[in-house]
Amino acid sequence: MDALKRYFRSPAAVIGLILLLVVIAMAVSAGFLYTRDPLSLAGRPLIWPFSNPRFLLGTDNSGRDIAAQIFYGARISLLIGGVATAIAILIGILVGAFAGYYGGWVDNVLMRITEAFQTLPNFVLLLVLVAVFGSTLTTVTIAVGVVSWPAPARLTRAEFLSLRNREFVQAGRTLGMRDIKIILGEILPNALPPVIVYASVVMAVAILLESALAFLRLSDPNVASWGNLIGLGRDVLRVQWYVSAIPGIAILVTVLAVSLVGQGLNDALNPRLKSR
Amino acid sequence: MRILSLAGRRLAASIPTLFLILIGVFLLLQMAPGDTVDALMAQMGGGDAASARELRQFYGLDLSIPMQLANYLWRLVRLDLGFSSIYGKPVASVILERLPPTILLMTASLSFAFFFGLVFGVIAARGVNRWPDTLISTLGLIFYATPSFWFGLMAIVVFSVYLQWLPSGGFEDIGTVQSGVWRVLDIASHLVLPTLTLGLIFLAIYLRIMRASMLEVLNLDFVRTARAKGLDETHVVTRHVLRNALLPMVTLIGLQAGTMLGGSVVVESVFSLPGLGRLAYESVVQRDLNTLLGIVFVSALLVIVVNFVVDLLYARLDPRIQADG
């Protein structure tokens, strides 16, 4: 548990973990604290924060409680960030593992496809996917996952390239193990740590991508998401700027927390890099 | 010349990638609900089935999908991107009109992010683990986590609404016709906030990479040699370290070109700039799929061109690349 000890020695990593736990606590407690639908009318529109104890963070243009939307928004952001990251990492590992293990034409074809995904700006691809499949929570989550897999795929491939001719892999081959078993059972566990650490970057970007999409009103309008609220607040930006400001801080804190935890994990798992 | 042929080879290798993207997105768009004729009919306020059929025949939409794809690719070879029914003119000319603001915005943001990323990266690396480093690294982390559209909105609140220093949107002041230097200044003042907004996240990335790369190069033997022969610290940093530390930064330009283009979709929407990104957004909302496909083509092309330039730049910075061929 050296790694754990190293993790808690870094103040930035600890701050990140605390922030992340706060966001998770918000997501979990949303249902108890705010029993009503966060998108239902709650009071007069555009009440400033801290002016009415019933609405601690005020209300938005249509009189919905901002605090409730922030708490429920934590659920949406974590859900979309988490699931999209899982999708991206899964596709990335599959593509990277096969490309790296087999090499040759398999590698060529898979890397061409990866390159195509990387050449096309991922937000533009996201727009295309949303234009085709519509913007429900499910399609947006899958779309964000689908545009985010190339980087993990390249990382996995690089790991596989360096591992595929090691002795333990050759031993496995000599024993007559099937390829799929060598890939999943022997190489993958060794290739996984850097990919898992990289997942934090993917998740941070995924949360930002979804919030940008929601801000443009191209994400699911029927859920309380931070990006939706910022887009809504834009209409009253000149005076009631707090409607946009508050959810933005929530996004910032969440993305910061995810990045700090990721960096902390990275430093804890690769102690030699940290020393400089 | 060798480097030119090397970069040229990589450019040629990206042509299949381009086709792969176009074929993929073309097939994807076939699954979209509604086609050009539907959009056109909606624009005209409806019409009967017979004229819809006629229009489909006119646009070649009654053919099988492989035939349509072949048609599209053949037109593309002649640089014909098709016709935008929403804007009522060829997609190519719609895109060309919208390209300059985006290229201007991207160039400005890139220069801003690169320059300040470099400066702050060097400052942070020189004072590693002391307060300038901690301050810069913390700011970098915060910038990285800031959603660009939110930063843009807050910048509008502060600089346009309260301080009234800068315009809150648009590409130039259309109320007054200006020319020459005044027009340039006008456009520049409109681009200050968008540039900062788009550049912020890249500034964060560049300064982090620059810091790491400086720290790495500072430990190399030739730096010790330079110090040992009595060069002062400024000279060591500017002449010996910087050039080598710059390499990862330049690589990053190529890697981030696509991200930057994607970011400009959002930033152009925030500041209502009439650029390519905003066009992409509009064509999604208006279901102008021809234009959307054209934008996919142009943005992929743009990324490929940027990477070509980066290849050339890279070789200029590092002569060893040329020697290896």
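The values are calculated or read from the model by the stated rules, or taken from the named source; none is laboratory data. This is a predicted model, so every value here is computed, not measured. Glycine gets a Cβ as well: all are built from the backbone with ideal geometry, and neighbour counts include every protein chain shown.
Structure notes:
- Single residue of the range B:153-175 satisfying the filter (more than 10 Å from chain A (Cβ to nearest Cβ) and part of a helix (DSSP H, G or I)) that is farthest from the chain's Cα centre (by Cα): B:159
- Top-ranked residue of the range A:190-212 - restricted to ones that are small (Gly, Ala, Ser) and away from every other protein chain (no Cβ under 14 Å), ranked as nearest to residue A:244 (Cα to Cα): A:199
- Of the helices (runs of 4 or more DSSP H) lying entirely inside the range B:1-93, the ones with 3 or more residues being more than 21 Å from residue B:285 (Cβ to Cβ), out of contact with any His (no Cβ under 7 Å at 6 or more places or on another chain) and away from chain A (no Cβ under 12 Å) are found at B:2-30, B:49-59, B:65-77.
- Residue A:123 meets the conditions (1) within 22 Å of residue B:106 (Cα to Cα); (2) surrounded by fewer than 19 Cβ atoms within 10 Å (Cβ to Cβ); (3) of a type in the set (Phe, Trp, Tyr) in every case but one. The failed one is (2).
- Subset of the range B:117-151 that is β-branched (Val, Ile, Thr), assigned to a helix (DSSP H, G or I) and in contact with a Leu (Cβ under 8 Å, 6 or more places away or on another chain) - its residue that is nearest to the other protein chains (Cβ to nearest Cβ): B:142
- The requirement of being surrounded by fewer than 12 Cβ atoms within 10 Å (Cβ to Cβ) and not acidic (Asp, Glu) is not satisfied by residue A:21.
- Counted as qualifying within the range B:246-325 are the helices (runs of 4 or more DSSP H) with 1 or more residues that are more than 8 Å from chain A (Cβ to nearest Cβ), at pLDDT 80 or above and surrounded by 22 or more Cβ atoms within 10 Å (Cβ to Cβ), namely B:276-285, B:289-317.
- Count - residues of the range A:109-135 that are at pLDDT 90 or above and either out of contact with any Leu (no Cβ under 8 Å at 6 or more places or on another chain) or among the acidic types (Asp, Glu) (or both): 5
- Search result, residues across the range B:34-76 that are at pLDDT 75 or above and not hydrophobic (A, V, I, L, M, F, W, C): B:48, B:51, B:53, B:54, B:56, B:57, B:64, B:66, B:68, B:71, B:72, B:75
- Considering residues of the range A:68-111 that are small (Gly, Ala, Ser) and within 14 Å of chain B (Cβ to nearest Cβ) only, the residue farthest from the chain's Cα centre (by Cα): A:73
- Condition check for residue A:267: charged (D, E, K, R) and under 21 Å from residue A:145 (Cβ atoms): no
Matching residues to (1) modelled with pLDDT of 90 or more; (2) surrounded by 20 or more Cβ atoms within 10 Å (Cβ to Cβ):
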site	(1), (2)
B:108	yes, no
B:146	yes, yes
B:150	yes, yes
B:157	no, no
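- Residue within the range B:213-236 that is buried (at least 16 other Cβ atoms within 10 Å of the Cβ) and under 28 Å from the mean Cα position of the chain (by Cα) present: yes
- Hey, residue A:114 farther than 29 Å from residue A:39 by Cβ, touching a Lys or Arg at 6+ places or on another chain (Cβ under 7 Å) and within 14 Å of another protein chain (Cβ to nearest Cβ) or not: yes
- Some residue of the range A:132-144 being within 24 Å of the chain's Cα centre (by Cα), more than 30 Å from residue A:24 (Cα to Cα), within 14 Å of chain B (Cβ to nearest Cβ) and buried (at least 20 other Cβ atoms within 10 Å of the Cβ): no
- Residue match in the range A:197-205 (condition: touching a Phe, Trp or Tyr at 6+ places or on another chain (Cβ under 9 Å), modelled with pLDDT of 85 or more and under 30 Å from residue B:152 (Cα atoms)): yes
- One residue from B:50, B:70 being of a type in the set (Gly, Ala, Ser), within 33 Å of the chain's Cα centre (by Cα) and farther than 18 Å from residue A:128 by Cα: B:70
- Taken together, A:218, A:252 contain a single residue that is assigned to a loop (DSSP other than H, G, I, E, B), within 8 Å of another protein chain (Cβ to nearest Cβ), modelled with pLDDT of 85 or more and over 20 Å from residue A:44 (Cβ atoms), which is A:218.
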